[in-house]
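Reading through the structure tokens given below for one structure.
Read-outs throughout are calculated quantities, based only on the coordinates presented, and are distinct from any laboratory measurement. These figures come from a predicted structure and were not determined experimentally. Quick reminder, even Gly has a Cβ in these numbers, built from the backbone with ideal geometry, and neighbours come from all protein chains shown.
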There are 2 protein chains.
Amino acid sequence: MKKGKLFGVGVGPGDTDLLTIKATKILKNVEVICSPRSAKLKPSLALSIVQPILDERNEKYDILDPLFPMIEDKSALNSYWDLAAEIINTNLSDGKDVAFITLGDPTIYSTFSYVAKRIAESGYEIEIIPGITSFTGCAAAAGISLAEKDEIVVIVPKVDDRLKRIMEYGDTFVIMKTSRHSEILEEIVNQDNRDKSIISVQNCSMQDENVFEGFSKDKKYLSTTIVKFRDKK
Amino acid sequence: MKKGKLFGVGVGPGDTDLLTIKATKILKNVEVICSPRSAKLKPSLALSIVQPILDERNEKYDILDPLFPMIEDKSALNSYWDLAAEIINTNLSDGKDVAFITLGDPTIYSTFSYVAKRIAESGYEIEIIPGITSFTGCAAAAGISLAEKDEIVVIVPKVDDRLKRIMEYGDTFVIMKTSRHSEILEEIVNQDNRDKSIISVQNCSMQDENVFEGFSKDKKYLSTTIVKFRDKK
């Protein structure tokens, strides 16, 4: 019997038109869409992005929506990922192809990697479909280049001491999910005395997208700050 | 009279199916496609990627193919960019929309930024359409994640002392165009005694794509090496 295949599909930052042709082809053909939720009653943003594509389908499809809560407890998280992998495995074993959709790109800070490891151990075929990352989406929205010539770009998911230590060695810094730590970020960035520009983007490529100079201070979840230093150390 | 608009369109790493829906819509509607060539007789890779989309068009379009040679001389380069901006300006002034196509993403090491600055100075509207970057394309091809949890990703366009200095502060390093400097790269990477994995991708997402462990030693132009360190300093 034919075994199913798992696709990790990057759906980009928010605008459905930022899906790739390849992603839309897969989303129109797989039997099962897997779209994790962060809370029991919270609708999935990734699912809302691909919904217009799914609405064009004639054949039915199933939706798996495993719960991936935003918690720090590693062993609890492992149980959630185990459970998700188990449900996906059952579908693959039944010969159904599964598209696991993920915001941005599946290889950049995505829960897809944890689930994919488990599915790979079970021996199923996996293919990753790259997506538009939030940071190139943000740079496009802000109308700036992230890097030119020999510039080094650093992508940092968390505002902490490691950012402080690496700062003097890079030219452009993309700091993700910045709203919750904007004061500390401002302090770290201002300790570097190079000439710099700071731009933040909230809800990139969505209808309420907001691009502005400076740090992102209100607690919107999807915010990214880009710091560009103009002279090299 | 209506003025034209300049679109910077990222066409991704090589596979036409990695174009976004947004990019295809623009490519089917603009009056002019601008696709720089690196040599007089060399066909443009970006143009070959979008050709299947252009072939679906009913209306005619013009192609501008300014020469952007791969030289280091800054003042000579500036003249080439000035010339390209001038031709684009003429088209915009005639009310024609222009799509400047660029491999990967227009905000990451793209000549688009140099031309866009000049067009912006002339007061025309510019919109950037993000594309799949070569490094997420490479990670997808290799079936690996670039970053998980708190990991810091560093993107480096050149193998030199700056890479050496920043290395101990990051977790994943994406080094672009590595073939020409693979020996020095290997030396720098091996000086770091952390446990690591090294994967190179040549001609990502193209028909002759080649993914392998270790460094990329033959002189193919489009090669990228991903170094992942497993333990943090």
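If I take all pairs of Cα atoms in chain A, what percentage of them are more than 31 Å from each other? Taking all Cα-Cα pairs of chain A, the fraction more than 31 Å apart is 29 percent.
By the count of other C-beta atoms within 10 Å, a proxy for reagent exposure, A:219, B:117, A:5 are ordered fewest to most as A:219, B:117, A:5. Cross-link pairs exceeding 24 Å in C-alpha to C-alpha distance, out of A:40/A:217; A:40/B:149; A:158/B:25; A:40/A:219; A:25/B:5, comprise A:40/A:217; A:158/B:25; A:25/B:5. Overall shape of region A:134-230 was characterised from the C-alpha gyration tensor. The equivalent ellipsoid obtained from it has semi-axes of 20, 16, 11 Å, in decreasing order.
In terms of overall dimensions, region A:190-233 has a Cα radius of gyration and Dmax of 12.2, 39 angstrom. Once the cut-off is 31 Å, how many percent of the Cα-Cα pairs in the protein assembly as shown end up in the long-distance tail? Roughly 42 percent, rounded to a whole number. Counting only DSSP H runs of at least 4 residues, each contributing -39500 (n - 2.57), and dividing by the residue count of the protein assembly as shown, the helix-based mean residue ellipticity at 222 nm comes to -9000 deg cm²/dmol.
The distance separating the Cα centre of region B:190-212 from that of region B:69-144 comes to 27 Å.
In plain terms, the residue of A:146, A:54 with the fewest other Cβ atoms within 10 Å comes first and the most crowded comes last, giving A:54, A:146. Among DSSP beta bridges whose residues both lie in the protein assembly as shown, state the antiparallel percentage, nearest 5. Approximately 45 percent, going by the DSSP bridge assignments.
Just so you know, the Cα atoms of region B:1-102 work out to an Rg and Dmax of 13.8, 41 Å.
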